[in-house]
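Participant: This structure is in structure tokens; I'll ask about it shortly.
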Amino acid sequence: MNQAVQEIITVGQLGVRFLVEGSDSGGSVSVFECYVPANSKMPAPHSHDAFEETIYGLQGATTWTIDGEPIEVGVGEAVCVPRGTIHGFENRGSEDATFLAIASPGVFGPAYFQEVGEVLAASAGGPPDLAALGEVMCRHGLTPVPPAAAMA
């Protein structure tokens with residue numbers, strides 16, 4: 001089992017640190033922390049058919065839009081994102097937020113976030129290459145969704 005502290009992966013404004021990878025759990029679960037600065041959001045709304053994702057608030061609050069329904073997840077609160085459900089999140093507040101994400105089964109790992117981070121970094125602060133972002137997402141089992149459809 002991997003006990004080493006994992007590196008923080010920069011994904012645009014976000015920071016992701018894996019605590020348990022699928023290979024550590026026999027493929028049953030992946031667990032990671034996600035740091036979300038104040039007034040920021042994830043780069044691409046999406047869905048995934050291969051795993052559920054449970055979110056547990058550690059610090060501050062994030063607002064998740066799940067199938068068009070906004071749900072605020074604060075400290076000690078949780079929400080489950082079922083397979084195939086379109087979702088995204090943002091930090092609408094003035095305080096930084098951190099949540100724990102549990103993906104089950106553990107088919108999702110650090111490589112996805114590293115590759116998305118590279119695509120976002122290549123945009124040098126401008127709009128990301130949506131085709132490249134979509135390609136990375138599809139390769140890792142996520143289905144990208146146009147923002148208007150995700151948040152409708």
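The values are calculated or read from the model by the stated rules, or taken from the named source; none is laboratory data. Here the structure is a predicted model, which is why all the values come from computation and not from measurement. Using ideal geometry, Cβ is built from the backbone for each residue, glycine included, and neighbour counts are taken over all protein chains shown.
Participant: Looking at segment 65-77 only, could you name the residues that are surrounded by 13 or more Cβ atoms within 10 Å (Cβ to Cβ) and assigned to a strand (DSSP E or B)?
Facilitator: T65, I66, I71, E72, V73, V75
Participant: Restricting attention to segment 27-46, report how many residues are over 15 Å from A101 (Cα atoms) and of a type outside the set (K, R).
Facilitator: 9
Participant: Name the residue, out of F89, F32, F18, that is touching a Phe, Trp or Tyr at 6+ places or on another chain (Cβ under 9 Å) and over 17 Å from Q114 (Cβ atoms).
Facilitator: F89 is the lone residue from the list that is touching a Phe, Trp or Tyr at 6+ places or on another chain (Cβ under 9 Å) and over 17 Å from Q114 (Cβ atoms).
Participant: Would you confirm, using the coordinates I've provided, whether C80 is part of a strand (DSSP E or B), surrounded by fewer than 17 Cβ atoms within 10 Å (Cβ to Cβ) and of a type outside the set (S, T, Y)?
Facilitator: Yes: the conditions hold for C80.
Participant: Would you confirm, using the coordinates I've provided, whether A111 is outside any loop (DSSP other than H, G, I, E, B), in contact with a His (Cβ under 9 Å, 6 or more places away or on another chain) and aliphatic (A, V, I, L, M)?
Facilitator: On the way: outside any loop (DSSP other than H, G, I, E, B): yes; in contact with a His (Cβ under 9 Å, 6 or more places away or on another chain): yes; aliphatic (A, V, I, L, M): yes.
The answer is yes for A111.
Participant: Hey, can you tell me all the residues within segment 49-64 that are at pLDDT below 95 and either in a strand (DSSP E or B) or closer than 9 Å to F99 by Cα (or both)?
Facilitator: none
Participant: Which condition does S28 not pass, out of (1) more than 19 Å from L142 (Cα to Cα); (2) in contact with a Gly (Cβ under 8 Å, 6 or more places away or on another chain); (3) not in a strand (DSSP E or B), if it passes all the others?
Facilitator: Result: S28 fails condition (1) only.
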